[in-house]
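Engineer: Just dropping this structure here.
The values are calculated or read from the model by the stated rules, or taken from the named source; none is laboratory data. A quick note: this is a predicted structure, and the numbers were derived from the prediction, not measured. Because the Cβ atoms are built from the backbone with ideal geometry, glycine has one as well, and the counts that use them run over all protein chains shown. Remember, those area values only see protein heavy atoms, side chains included, never the ligands or the DNA or RNA. Shrake-Rupley method; radii C 1.70, N 1.55, O 1.52, S 1.80 Å.
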Amino acid sequence: MSEVLQYAKREDAISAGHGQAWQVGELPSPPAKSLGSYFRLAGPGAIILSLSIGSGEWLLGPKTAVEHGTSLLWICTIAVILQTVFNIECIRYTLYCGEPIMVGFTRLAPGPRFWRVIWLVLLFLSVGPGWALASATAMAAMILRRLPQDGNPSDRLMVMACGFVAMLLVLLLLSIGKSVQRSIERFSWIGCAFIFSGLLFLVIRFVPWSTWASTATGFVEFGQMPTGVSPVLLAAFAAYSAAGGIFNTATSNWSRDKGYGMGQVVGYIPALIGGDKVTVGASGTVFRVNDASLPRWKTWLWYVRAYQWTLFGLGAMLGMYFCVLLAVGLIPAGTNLAGWSIAAYQGEAVGREIGPTGWLLVLGTGAWVLFTTQVNCSDACVRQSTELLWQTSPVVRSWCRGDIRRLYYGILAAFVLWTGALFTVGTPLSLVILSANVAGVVFVVAGIQVLLVNHRLLPRALRPSVLTRCLIAVMVIFYGIFAAASIWDKITASQARPTTAPVTAPATAPPTSGPASAPIATPAAGAAELCPGLPDLCPFNGQESVTGEVTPGRQHLTPKNAPTDMRQRSLTLDPSTNSRRFSSVPESSAWAVSVSKQHLVFEPMYRTFRS
């Protein structure tokens with residue numbers, strides 16, 4: 001492969017790929033290796049760790065483990081290892097030139113104009129309103145002392161109000177201090193301390209010790225794959241185990257502003273209140289590789305590896321372990337978790353032990369986890385968008401009059417309005433799963449580009465090892481498989497979806513308040529015998545019958561020969577309730593079906609009637 005890096009004849013500039021030439025300077029000396037220096041420099045690790053716990057660890061990890069078992073946690077182990085290596089490679093580029101890695105991506109063919117648009121689209125698709133809506137729902141639940149009901153206008157208004165209050169707090173946190181990075185670093189250290197101490201108290205106090213070992217073994221049960229797991233959920237779980245896509249690439253931005261390597265030379269994004277105007281150049285500054293600079297380079301890289309493996313890597317594994325442990329220790333296996341039901345189940349279980357304080361304790365912990373994620377996700381998206389536009393568009397730099405804060409806070413304001421406008425779209429968990437699947441695609445694209453950038457644009461002595469490049473290639477394949485499976489599942493599900501009009505309730509259906517009817521069969525019969533009209537009444541896409549016996553205990557009823565999308569939503573009996581309720585099969589269905597001792601109950605979205 002031909003070298004793109006070409007040293008110009010001038011001594012003060014180096015041209016590299018597509019984009020402006022790099023300036024040449026001296027690599028600053030790193031602090032001597034010590035524990036104190038480690039903690040002073042580990043701030044970017046605290047930021048990405050506090051961010052990661054609110055996505056995969058708090059939401060998707062528990063959902064996957066409770067519904068399908070802890071044997072899938074090996075996906076988290078692989079994801080954390082690969083993401084840690086990826087983070088280091090993103091920062092490697094920043095150490096050399098002071099540019100965030102996403103700016104480096106724009107130096108590849110066909111050039112900045114093309115890649116700027118691609119990455120701006122991926123940035124905003126990756127950060128939807130999922131976390132904001134989830135944290136707002138948690139805050140509203142703490143005020144209401146119950147989970148808000150989607151169909152209740154006053155509850156929805158409460159969630160919206162909490163959401164806008166949370167976004168105003170995000171604006172405030174990102175506006176105060178010397179630099180934006182320093183403000184969120186301090187907030188993240190406090191967040192990590194609160195989150196881990198709270199989780200440790202909860203799992204020690206309420207989770208049986210026998211569950212600790214059985215959950216831990218799931219992290220090393222490589223290759224285990226229970227049947228009926230949604231590829232969409234698996235892809236989301238893999239992407240958001242640890243950080244997720246654009247949040248990993250943001251580590252290079254935070255490391256630059258922290259002053260790692262040549263980041264000390266090129267400047268940082270100052271805060272609106274308390275920060276001074278800082279000159280941030282239109283391109284990076286590199287150093288000459290020689291006997292004096294190479295030892296300094298190795299020390300900087302040592303610090304990056306140290307905090308990435310110990311703080312981010314180990315912290316992400318412990319975060320996933322504690323969150324999953326709390327969920328599987330309190331929630332019956334196989335329970336279908338949707339939206340904020342995970343917090344409700346855990347809060348109710350703890351509440352039975354210590355009263356209403358338990359509900360507030362668990363929900364408060366969840367609200368803090370998700371708000372911390374919301375703050376750092378907002379900064380990650382806005383910061384990278386700012387850097388992309390600033391370093392690739394002379395028009396934008398001219399409009400901002402040399403002050404990068406104009407661009408950062410303009411994008412932040414637009415981001416807040418955009419997020420607030422999407423509060424009414426979807427549920428928190430569904431929005432997070434959507435963003436997580438986009439993150440899987442980001443890993444594929446960014447992984448390939450990191451390989452190209454660090455091989456083509458870095459001097460030979462600074463390039464990653466063969467082992468590192470192989471691990472990045474494995475990451476591309478790993479997330480490529482999950483992304484392809486998720487996309488294929490959606491395609492096949494859409495093709496299998498029935499084209500007939502949806503089933504509606506009979507005109508004579510009684511109101512929800514008190515339906516009554518005679519039993520239609522006994523629980524000893526098979527599902528098809530229990531209700532011969534079941535395929536007609538429930539949207540099973542024309543299947544002739546369903547399989548499974550209706551007997552006490554947890555079971556699944558699945559339409560014969562049903563497409564994958566339906567099998568993933570098979571009907572699950574819940575022994576925690578007398579009616580043994582379970583949800584409907586297809587995604588588009590508005591029906592819920594429950595089995596009582598002697599009859600089936602069909603529940604449309606707004607009314608209840610019995611057959």
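Engineer: Can you tell me, using C-alpha contacts under 8 Å and at least 6 residues apart, the relative contact order of region 272-414 as a whole percent?
Structural biologist: 28
Engineer: Return the Rg/Rh value of region 269-369, two decimal places, where both radii are evaluated on C-alpha atoms and Rh is the Kirkwood radius.
Structural biologist: Result: Rg/Rh = 1.26.
Engineer: Within region 135-283, what whole-number % of the accessible surface is contributed by carbon and sulfur, with the 1.4 Å probe and all protein chains included in the calculation?
Structural biologist: 66
Engineer: Please work out the Kirkwood hydrodynamic radius for region 360-473, using every pair of different C-alpha atoms, and report it in angstroms with one decimal place.
Structural biologist: Averaging 1/r across every pair of different Cα atoms and inverting gives 17.5 Å.
Engineer: Per the Kirkwood treatment, what hydrodynamic radius in Å, one decimal, follows for region 92-132 from the mean inverse distance over all distinct Cα pairs?
Structural biologist: Roughly 11.5 Å, rounded to one decimal.
Engineer: Follow-up question, since we're still on this one. Rounded to the nearest 0.05, what FRET efficiency do Phe114 and Phe39 give with R0 = 51 Å and r taken as the Cβ-Cβ distance? Could you check?
Structural biologist: Efficiency for this residue pair is about 0.80.
Engineer: Take the eigenvalues of the Cα gyration tensor for region 15-66, scale each by 5, and report the square roots as semi-axes in whole Å, largest first.
Structural biologist: Listed largest to smallest, the semi-axes of region 15-66 are 36, 23, 7 Å.
Engineer: At q = 0.12, 0.19 Å⁻¹, what is the log10 ratio I(q)/I(0) for region 51-126, with the Debye formula run over Cα points and no solvent?
Structural biologist: -0.53, -0.94
Engineer: Still on this structure: Per residue, how much accessible surface does region 97-214 expose to a 1.4 Å probe? Answer in Å², no decimals.
Structural biologist: Accessible surface, normalised per residue, equals 44 Å².
Engineer: Tell me which residues come under 5 Å, amide H to amide H, from Ala16 once H is placed; ignore anything under 5 positions away on its chain.
Structural biologist: Correct list: Trp22.
Engineer: Hey, what's the Kirkwood Rh for region 344-398 if you take every pair of different alpha carbons, in angstrom?
Structural biologist: Hydrodynamic radius (Kirkwood, Cα only) of region 344-398 equals 13.9 Å.
Engineer: Over all alpha-carbon pairs of region 66-179, lay out the pair-distance distribution in 10 Å bins, whole %, shortest bin first.
Structural biologist: Histogramming region 66-179 at 10 Å steps yields 11, 20, 28, 27, 12, 1 percent.
Engineer: I would also like to ask the following. Any idea what diffusion coefficient region 175-233 gets from Stokes-Einstein, in µm²/s, Kirkwood Rh on alpha carbon pairs, 25 °C, 0.890 mPa s?
Structural biologist: 159
Engineer: Now for a different question. Sticking to Cα atoms, compute the Rg of region 161-207 to one decimal and its Dmax as the biggest Cα-Cα distance, whole number, in Å.
Structural biologist: Rg, Dmax (Cα atoms, Å): 14.5, 43.
Engineer: Per 0.36 nm of contour for each residue apart, how much would the distance between Ser197 and Ala21 grow if the chain were fully extended, relative to their Cα-Cα spacing?
Structural biologist: 58.6 nm
Engineer: Separate question: Rank by packing, highest mean first: peptides 395-403, 215-223, 316-324, with packing defined as the count of other Cβ atoms within 10 Å averaged across residues.
Structural biologist: Packing proxy ranking, top to bottom: 316-324, 215-223, 395-403.
Engineer: Could you sort Arg205, Arg405 by their accessible area in this structure, using a 1.4 Å probe and putting the largest first?
Structural biologist: Descending accessible area places them as Arg205, Arg405.
Engineer: Could you order the peptides 278-287, 162-171 from most to least packed, using the average number of other C-beta atoms within 10 Å per residue?
Structural biologist: 278-287, 162-171
Engineer: Kindly state, to the nearest 0.05, the FRET efficiency for Ser214 paired with Ala282, given R0 = 56 Å and r defined as their beta-carbon distance.
Structural biologist: Given R0 = 56 Å and the Cβ-Cβ separation, E is 0.50.
Engineer: So, how do all the Cα-to-Cα distances of region 128-228 break down into 5 Å bins, in percent, from 0 on up?
Structural biologist: Reading upward from the zero bin: 2, 10, 11, 13, 14, 14, 15, 12, 7, 1, 0.
Engineer: Summarise the long-distance tail of P(r) for region 171-311 by giving the % of C-alpha pairs beyond 21 Å.
Structural biologist: Distances greater than 21 Å cover 65 percent of the Cα pairs.
Engineer: Under a point spin-label approximation (7 Å from Cα along Cα-to-Cβ), what is the Leu169-Ile491 distance to one decimal in nm?
Structural biologist: With each label point 7 Å from Cα toward Cβ, the separation is 4.3 nm.
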